1. Taking 0.36 nm per intervening residue step and subtracting the Cα-Cα distance, what contour gain separates GLU38 from LEU54 on full extension?
2. For the chain, what is the calculated [θ] at 222 nm in deg cm²/dmol (nearest 500), taking -39500 (n - 2.57) for each run of four or more DSSP H residues and dividing by its residue count?
3. Roll a 1.4 angstrom probe over the protein heavy atoms and tell me the percent of accessible area of the chain that is carbon or sulfur.
4. For the chain, what is the accessible area per residue in Å² when the probe is 1.4 Å?
5. By per-residue mean of other Cβ atoms within 10 Å, what is the highest-first order of 33-41, 61-69, 45-53?
6. Express in % the proportion of alpha carbon pairs of region 53-104 at distances exceeding 18 Å.
7. Rounding to the nearest 10 and keeping the result within 0 to 90°, find how far the Cα-based axis of helix 29-41 lies from the longest principal axis of the chain.
8. Determine Rg/Rh for region 1-73; Rg is computed over alpha-carbon atoms and Rh is the Kirkwood hydrodynamic estimate from the same atoms.
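The values are calculated or read from the model by the stated rules, or taken from the named source; none is laboratory data. Bear in mind that the values here come from a model prediction, so they are computed numbers and not experimental data. Ideal geometry is used to build each Cβ from the backbone, glycine not excepted, and the neighbour counts take in all protein chains shown. When the accessible area is computed, the model is the full protein with side chains, heavy atoms only, and any ligands, DNA or RNA have been set aside. Shrake-Rupley method; radii C 1.70, N 1.55, O 1.52, S 1.80 Å.
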Amino acid sequence: MSALDDPVPAGAELPAQLIGGHDAELVNTAQALQSFVEASACLLPVALALFVLLTDLINSERGFRESWRGTKGTATRAVVLGIVALSAVGMLVVSPLLAFLLPR
């Protein structure tokens with residue numbers, strides 16, 4: 001294989017993943033972790049957008065803080081907090097597990 005940082009002895013097995021045809025890519029745990037964390041973090045803007053939509057924040061005279069207080073005890077708050085919690089669990093628990101459980 002070309003483009004390796006360190007020389008590899010003949011016969012050594014490297015963790016790789018087939019990416020199409022006869023091309024392979026080395027498994028990079030750090031890059032995989034970053035990708036999984038970024039994917040989980042994409043839920044945060046979804047939660048914010050949902051909050052803005054459900055509270056009609058753009059058209060209302062209230063600010064963000066007042067709108068948030070107005071959702072106390074409602075399904076809106078539960079759904080938004082659920083999505084944020086799902087994102088946090090994805091970033092802090094699931095992403096590292098997926099990254100380190102990749103085939104090596």
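1. 3.2 nm
2. For the chain, the value works out to -15500 deg cm²/dmol.
3. Answer for the chain is 63 percent, counting heavy atoms of protein chains only.
4. 75 Å²
5. Ranking the peptides 33-41, 61-69, 45-53 by packing returns 33-41, 45-53, 61-69.
6. Counting pairs separated by more than 18 Å, the tail of P(r) holds 51 percent.
7. So the inclination is approximately 20 degrees.
8. 1.39
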